[in-house]
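For reference, the structure discussed in these notes is given below.
We did not get these values from a lab; they are worked out from the coordinates using the rules stated. Given the structure is predicted, the values throughout are model-derived calculations rather than measurements. With ideal geometry, Cβ positions are generated from the backbone for all residues, glycine too; neighbour counts draw on all protein chains shown.
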Amino acid sequence: MRKILCLIATCMCLGATAPAWADGMKLAIGYIPNGDFVPLFMAQERGYFAKEGLDTTLTPIPIPSNVPSVLTSKSIDLGPATAVNLFQTAENGLGLVAISGYNRNLAGKEPAPLILKTGTAYNGPADIVGKKIGTPGLLSTFDLFLKSWLRKNGIDRSKVTQIEMTFPPMSDMLKSGQVDGVIAVDPFRTQIVKNGVGFIAADFMGDVSKDDVGLVWLANKDWAVSHPKERAAFIAALKLGIADAVKDAAAAEEVEKKYLKFAAPITDDFNLTLTAADLQFYQGLMEKEGFLHKKIDVADLMVQ
């Protein structure tokens with residue numbers, strides 16, 4: 001009897017000191033398989049989510065435009081998207097909100113410059129007239145900024161042909177002359193330039209804005225409102241992942257290789273802050289370029 005009582009007491013003590021993650025606040029997180037998400041991988045690998053009481057599952061979503069539909073199907077709880085995506089979901093009544101920012105588009109550190117084929121003459125925006133530009137998604141952030149850049153420089157955008165394409169074939173299409181230029185992110189940007197296929201012609205995004213929100217973390221509004229603890233724990237753990245990714249480049253590279261099978265330079269443009277002004281900036285651009293067709297209250301797009 002004494003042994004049984006001791007065993008019960010021991011189990012009670014172990015239960016009292018069990019880590020928070022044993023209770024399992026489950027959180028399904030979607031991510032786009034590129035270098036932007038090394039901090040997320042770091043937080044997972046180093047146990048920061050677990051220490052914050054989260055039982056996390058990371059799910060790759062190769063096509064960024066699919067994130068909203070994966071969220072609304074409730075296959076994931078959180079997923080990354082651009083502010084443009086957020087406004088588009090609002091117009092379509094999907095009921096998604098941003099719970100935080102993730103990174104910034106900073107002049108000189110823009111994720112995707114305009115790359116022209118090697119040998120193309122370029123002295124300024126006017127040289128884009130008549131060119132075919134491979135664009136990763138029409139009605140995307142890149143499309144919005146390219147159109148805004150053309151407008152700012154007094155160029156008739158109808159005289160520039162945009163061809164929608166994904167990143168992987170960009171190098172071959174540029175080399176073969178099927179397009180004159182592309183808008184590419186790493187590692188594709190680095191590969192195109194390193195292999196001599198193209199050169200960086202313009203930081204068109206930085207010419208439109210020196211500092212604007214890049215990606216944000218989205219959730220279904222009902223989930224965001226009813227899960228404040230999970231939101232707070234996610235942000236706290238992600239902050240630690242960001243700090244480690246920025247300061248420990250060697251470890252970040254190893255984690256990136258594990259998840260993505262390649263490694264690209266880690267940026268330092270991560271920032272979880274998101275303000276109404278950040279969204280209002282995008283709202284203004286989208287209205288001017290015909291991306292939005294109804295007025296949306298940005299306060300309805302955030303739960304923080």
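Before rounding to the nearest 500, sum -39500 (n - 2.57) across all DSSP H runs of length at least 4 in the chain and divide by the residue total; then give [θ] at 222 nm in deg cm²/dmol.
Numbers: 13 runs with 124 residues, N = 304.
The helix-only estimate for the chain comes to -12000 deg cm²/dmol at 222 nm.
Taking the range 114-208, how many lysine pairs are there with alpha carbons less than 26 Å apart, if each pair must be eight or more places apart or span two chains?
For the range 114-208, the number of qualifying lysine pairs is 21.
Taking amide hydrogens as modeled 1.01 Å from N in the peptide plane, which residues meet the under 5 Å criterion relative to THR56, leaving out close sequence neighbours?
Under 5 Å from the amide H of THR56: LEU27.
Can you give the FRET efficiency to the nearest 0.05 for ASP172 and LYS258, using r as the Cβ-Cβ distance and R₀ = 25 Å? Walk me through the numbers on the way to the answer.
Numbers: r = 28 Å, r/R0 = 1.11.
Given R0 = 25 Å and the Cβ-Cβ separation, E is 0.35.
Could you give me D for the range 107-233, from Stokes-Einstein at 20 °C and 1.002 mPa s, where the hydrodynamic radius is the Kirkwood radius over C-alpha pairs? Units µm² s⁻¹, please. Walk me through the intermediate numbers first.
Values: Rh = 15.8 Å.
Translational D for this selection: 136 µm²/s.
Long-range amide H contacts for ASN271: which residues qualify at under 5 Å (H placed 1.01 Å from N, peptide plane, sequence gap of 5 or more or a different chain)?
For ASN271, whose amide H was placed from the backbone, the distant partners under 5 Å are TYR102, ASN103, ARG104.
Once the convex hull of the C-alpha atoms of the range 190-250 is built, how many Å³ does it hold per residue, rounded to a whole number?
Numbers: hull volume 9.9 nm³, N = 61.
So the per-residue Cα hull volume is 162 Å³.
Tell me the volume per residue, in Å³, of the convex hull enclosing the alpha carbons of the chain. Before the final figure, lay out the partial values.
On the way: hull volume 42.9 nm³, N = 304.
Per residue, the Cα convex hull of the chain comes to 141 Å³.
Considering just Cα atoms, how many Å³ per residue does the convex hull of the range 220-304 enclose? Walk me through the numbers on the way to the answer.
On the way: hull volume 13.0 nm³, N = 85.
Per-residue hull volume (Cα only) is 153 Å³.
Mind listing the long-range amide H neighbours of GLY134? Cut-off is under 5 Å, sequence gap 5 or more, other chains count too, H placed in the peptide plane at 1.01 Å from N.
Long-range HN contacts for GLY134: ILE163, ASP180, GLY181, VAL182, ILE183.
Among the aspartates and glutamates, select those whose C-alpha is under 20 Å from the C-alpha of LYS26, and discard any that sit fewer than 8 residues away in the same chain.
GLU45, GLU52, ASP55, ASP77, ASP222, GLU230
Indicate, rounded to the nearest 5 percent, the antiparallel portion of the DSSP beta bridges found entirely in the range 114-208.
On the way: 7 of 13 bridges.
Percentage antiparallel, nearest 5: 55.
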